[in-house]
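The values are calculated or read from the model by the stated rules, or taken from the named source; none is laboratory data. Computed from a predicted structure; not experimentally measured. Positions of Cβ are backbone-derived with ideal geometry, glycine not excepted, and every protein chain shown enters the neighbour counts. The accessibility values were calculated without ligands, DNA or RNA, using every heavy atom of the protein model including side chains. Shrake-Rupley method; radii C 1.70, N 1.55, O 1.52, S 1.80 Å.
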Amino acid sequence: MSTAKPRFTLAAAAAVALVATSLTATAQPRTDLVVGMALEPPHLDPTAGAAGAIKEVTYANLFEPLLRVDADGKLVPGLAERWSVSEDGLTYRFTLRPNAKFHDGTSADSADVKFTLDRARAADSVNAQKAYFAPIAQVETPDPRTAVVTLSRPDGLFLFHMASGDAAIVAPESAATNKQKPVGTGPFKFDRWVAGDRVVLVRNPDYDGAKPKLDRVTFRFISDPAAQVAALKAGDIDAFTLFSTYEALPEFRNDPKFTVMVGSTEGETILSTNNARKPFDDVRVRRAMAHAIDRKTLIDGVLYGNGVAIGSHFPPHREGYVDLTGLYPYDPAKAKALLAEAGYPNGFDTTLRLPPPPYARRGGELVAAMLAEVGIRAKIEPVEWAAWLEKTFKGKDYDLTMIAHTEPLDIDIYARPDYYFNYRSERFNALNEELNRTQDPAKRNALYGEEQKLLAEDAVNGFLFMLPSVTVQKAGLTGMWVNRPVQANDVTGVSWK
Amino acid sequence: MLAFLLRRLASLIVTVWLASIVVFAVLQLVPGDPALLMLGVNAQPDTLAVLRSQMGLDQPILTRYLQWAAGLARGDLGVSLTYARPVAELVAERLAVTLPLALLSLALSTVLALPLGLLAAARRGRGGDWAVLGFAQLGVSMPSFWIAILLILLFSLTLHWFPAGGFPGWGVGVGPALHALLLPALALAIPEAAILARVTRTAVLDTLAEDHIRTARAKGMGRVAVLLRHALPNALIPVATVLGLQISFLVAGAVVVENVFTLPGLGRLLYQAIGQRDLIVVQGVVVLLALFVVLVNALVDIACALADPRPKGGAS
């Protein structure tokens with residue numbers, strides 16, 4: 001008994017201490033964050049790969065382009081604190097932040113900007129968006145804080161492209177090793193990567209701009225939908241972005257421990273149509289398909305109602321958007337009449353190739369059923385992503401497919417002669433060229449409107465819906481992006497209440 | 001004996017070499033260009049050509065095979081196309097999850113099965129025996145991924161004792177790493193333990209029927225002492241044999257359980273590499289697995305040959 005007493009006191013003291021520390025711990029807001037993502041990035045160099053997951057981890061957190069896109073889709077200062085464009089739209093002058101540094105301590109100056117842009121446009125460049133840099137004629141560095149970029153032709157989207165992850169400023173000292181050990185200028189720096197599981201970033205104490213509130217951010221990669229739900233409910237992760245298990249959302253909405261945010265991505269989900277192949281080379285057939293698809297039912301069935309219908313290749317949340325969803329209302333009778341007019345009174349057989357994302361697999365079934373209603377018998381052909389790219393995108397060997405085009409402001413793909421839609425329109429090409437020559441925002445928006453109308457009238461593809469940006473997060477977390485104007489999990493403004 | 005060993009070694013090398021040819025050839029038939037996968041839907045033809053040449057994909061198939069096979073012979077598995085890291089490094093990293101997981105579940109299943117088997121044998125025909133046999137029947141019938149889901153529901157979602165998945169890495173210390181591995185190991189161990197408990201029970205009952213046990217009892221030894229000192233050691237031989245057979249099932253089961261718990265093991269590396277068309281990684285992992293199976297078979301053969309003194313014919 002005599003020995004038991006002091007032990008008990010000790011235990012009691014320890015318990016009190018524990019409770020005390022946990023109380024003080026809860027009194028202070030947390031400064032760490034665990035973000036769940038469905039896909040793991042293959043590497044962490046945003047200038048050397050198209051995988052969205054690379055930018056979702058690195059954009060704005062680790063790496064900074066000259067300009068950044070903020071949560072509303074506006075261009076804001078990045079590594080450059082200000083910029084100006086010449087009258088003719090050919091000369092861009094960027095002024096860098098005076099005290100910007102890379103995570104390895106080397107200064108970030110105009111020489112790094114020149115190195116980055118020259119590397120991205122070089123003959124041996126493997127930048128996934130090399131075309132963004134094609135208009136650049138030369139990059140000059142009059143002083144360490146100033147970079148002057150001269151274009152060989154006007155490009156109305158140049159600044160927007162310079163705000164993409166593909167244009168992240170990198171240093172010659174670390175460019176070769178950024179895939180595994182990323183060295184950027186952002187407010188967070190790389191800590192460690194447990195391959196197959198997580199990437200950990202920590203606050204960069206030497207950051208010269210606004211300091212983030214979080215001191216540690218972990219990105220965890222969970223591809224299985226059931227495991228995603230379990231990880232959220234178990235409290236293992238604080239937020240899951242681009243959550244696509246839509247059927248689980250009512251559960252999270254009814255639970256006060258969670259907040260569900262539904263916004264928009266830049267992902268136009270379309271029924272891509274091979275415009276060069278019979279019978280899709282006939283606009284009446286394409287219009288018939290447009291009338292045959294009931295977008296409301298599609299959005300309810302695929303996204304459980306969490307999505308917005310589109311009538312052309314442009315997101316409703318952007319300026320310049322024209323609502324064309326009423327152009328081809330759901331009308332199976334009209335669709336059948338158009339098909340008969342085109343010479344297919346009994347419909348026809350075709351194939352619908354579906355890549356792996358759930359929106360495509362699930363949506364494809366519904367689209368095929370709707371097309372069957374008007375006599376278009378589409379055989380469903382599920383394929384892997386690699387095979388989809390090879391056969392459909394590169395080989396252009398397909399009839400119909402379903403995919404979300406997630407690159408921001410990518411309406412110009414309709415002007416590319418070798419793009420997999422096989423769409424050719426002199427009028428569209430002329431509009432696109434004029435757009436490239438135009439700087440004035442109002443005029444640009446008017447041109448975007450004309451482009452949208454043309455694509456809708458030509459019914460180039462079946463325009464279905466915008467892919468939603470769904471974030472499920474713990475209550476008390478603030479600052480996560482609701483919308484996705486670029487592929488990014490920008491956590492620089494995130495904090496706990 | 002030496003001739004037998006040499007023959008076994010030669011057949012081992014030939015098998016692995018043939019496996020390397022088959023794996024390489026099959027992968028050439030699968031559509032999907034790794035370079036295109038990296039550059040995505042805005043890929044420009046010239047960029048694609050540069051990347052393909054950097055990856056060595058523009059070389060003729062035979063050249064690529066010979067380069068890879070020559071590397072294999074030197075023990076070099078090549079460099080991953082997507083991760084830009086040596087394949088051997090990637091494999092070692094993933095084995096650091098899969099191997100401890102398999103070993104932990106092996107240990108757990110043994111620790112669970114031996115006492116249960118003994119208990120059932122000691123209480124033969126009574127309640128305890130029925131309870132153990134019932135557990136064994138249940139354990140054998142439930143696949144490990146289903147057990148995994150039940151464990152997550154109970155210990156992660158309801159009790160919050162364990163994470164629902166993921167692996168923090170050994171870098172953060174042994175404690176958190178084992179904490180993350182315990183539930184998956186348990187999910188793997190339960191079906192194994194069920195089989196093992198039944199084998200233990202039967203083996204102990206068989207030994208209990210033997211003469212030396214009766215002698216020990218006649219000399220006045222207690223029931224428990226007889227069970228532990230005489231019956232158990234003798235029963236361990238058949239138990240160990242079954243345990244050995246289970247090892248390959250453990251590795252296969254680990255792949256499934258890794259996916260439920262999103263553990264970054266070898267199985268998930270292979271799965272991801274196939275999706276990314278990282279052919280070098282797929283080839284390397286498959287050849288390593290082939291080598292593992294062939295080696296285990298060879299070791300079993302050699303052990304049998306050593307245990308059996310009769311002359312070795314050419315039919316082995």
Discussion item. From zero outward in steps of 10 Å, how is the percent of C-alpha pairs of segment A:271-347 spread across the bins?
Written reply: 18, 42, 32, 8, 0
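Shape call for segment A:345-404 from the C-alpha gyration tensor, a ≥ b ≥ c root eigenvalues: rounded (a/c under 1.5), prolate (a/b greater than b/c) or oblate?
Numbers: a/c = 3.07, a/b = 1.55, b/c = 1.98.
It comes out oblate by the Cα gyration axes.
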Discussion item. Along each principal axis of its Cα atoms, how long is segment B:57-203 end to end? Whole angstroms, biggest number first, please.
Written reply: 70, 37, 24
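Classify segment A:112-182: rounded, prolate or oblate, from the alpha-carbon gyration tensor (a ≥ b ≥ c, eigenvalue square roots; a/c under 1.5 rounded; otherwise prolate if a/b is larger than b/c)? Each step should come with its number before you reach the end.
On the way: a/c = 1.82, a/b = 1.28, b/c = 1.42.
In terms of gyration-tensor shape, oblate.
Average partner chain C-beta neighbours within 10 Å, per residue of A:227-239?
Details: counts 9, 3, 2, 11, 8, 2, 7, 14, 5, 9, 4, 0, 0.
Mean shielding count: 6.
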Practice prompt. Return the subset of A:Lys233/A:Lys497; A:Lys101/A:Lys179; A:Lys55/A:Lys130; A:Lys189/A:Lys497; A:Lys55/A:Lys101; A:Lys278/A:Lys336 for which the Cα-Cα distance in this structure is over 22 Å, preserving the input order.
Written response: A:Lys189/A:Lys497
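Write down Rg/Rh for segment A:281-421, rounded to two decimals, with Rg from the C-alpha atoms and Rh from the Kirkwood relation over Cα pairs.
0.95
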Worksheet entry | Heavy-atom accessible area, 1.4 Å probe, ligands and nucleic acids excluded: residues of segment B:71-117 down by at least 10 Å² from chain alone | B:Thr82, B:Tyr83, B:Ala84, B:Arg85, B:Glu93, B:Arg94
Discussion item. Averaged over its residues, how many other protein chain Cβ atoms are within 10 Å of peptide B:158-169's Cβ atoms?
Written reply: 6
Item to complete: Write down the Å³ per residue value for the convex hull defined by the alpha carbon atoms of chain B.
Response: 196
Fill in: trypsin sites (Lys or Arg not before Pro) within segment A:218-314, DSSP loop, no more than 12 other Cβ atoms inside 10 Å
A:Lys257
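Can you give the % of DSSP beta bridges in the protein assembly as shown that are antiparallel, to the nearest 5? Intermediate values should be presented prior to the final figure.
Working: 54 of 72 bridges.
Close to 75 percent.
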Worksheet item: Is any helix in chain A, taking whole DSSP H runs, at least 18 angstrom long along its axis by alpha carbon and on average at least -1.0 on the Kyte-Doolittle scale, and which ones?
Response: A:4-27, A:358-373, A:441-457
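For chain B, return all DSSP H helices satisfying: extent of Cα atoms along own axis at least 27 Å; mean Kyte-Doolittle hydropathy at least 0.5.
Values: long enough: B:2-29 (41 Å, 2.05); B:87-122 (51 Å, 1.79); B:174-208 (43 Å, 1.30); B:232-260 (39 Å, 1.65); B:279-307 (42 Å, 2.65).
Both cut-offs are met by B:2-29, B:87-122, B:174-208, B:232-260, B:279-307.
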Worksheet entry | Alpha-carbon centroid distance for the pair segment B:182-234 / segment A:228-285, whole angstrom | 55
Worksheet item: Based on the Cα coordinates of segment B:166-249, what is the per residue volume of their convex hull in Å³?
Response: 123
Worksheet item: Could you state the number of Å between the C-alpha centres of segment A:395-442 and segment A:101-146?
Response: 27
Response to the item:
Inter-part gap, Cα centre of segment B:118-168 to Cα centre of segment B:1-37, in whole angstrom, is 39
Worksheet item: So what are the three principal axis dimensions of segment A:101-238 from its Cα atoms, in whole Å, longest to shortest?
Response: 55, 32, 26
Response to the item:
Nearest-0.05 FRET efficiency for A:Asp224 and A:Thr146 at R0 = 45 Å, using Cβ-Cβ distance, is 0.35
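Just counting partner chain Cβ atoms within 10 Å, what average do the residues of peptide A:189-201 show around their Cβ?
Details: counts 0, 0, 0, 3, 1, 10, 13, 17, 12, 5, 0, 4, 0.
Mean inter-chain Cβ contacts per residue within 10 Å come to 5.
Assuming R0 = 35 Å, what is the FRET efficiency of A:Arg318 and A:Asp104, from their Cβ-Cβ distance, to the nearest 0.05? Don't skip to the answer; put the middle values down first.
On the way: r = 38 Å, r/R0 = 1.07.
For A:Arg318 and A:Asp104, the calculated efficiency is 0.40.
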Worksheet item: With labels modelled as points extended 7 Å from the Cα through the Cβ direction, what inter-label distance (nm, one decimal) is found for B:Ala209 paired with A:Ile380?
Response: 5.7
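Taking a probe of 1.4 Å, how large is the accessible area per residue of segment A:410-468, in Å²?
Details: 2370 Å² over 59 residues.
With all protein chains present, segment A:410-468 gives 40 Å² per residue.
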Worksheet item: A:Thr141: accessible area at probe 1.4 Å, nearest 10 Å²?
Response: 60
Discussion item. Using all alpha carbons of chain A, what is the percent of pairwise distances in each 20 Å bin, ordered from the shortest bin to the longest?
Written reply: 21, 50, 23, 4, 1, 0
Practice prompt. Whole number in Å², please: accessible area per residue of segment B:195-239, 1.4 Å probe, ligands, DNA and RNA not counted.
Written response: 58
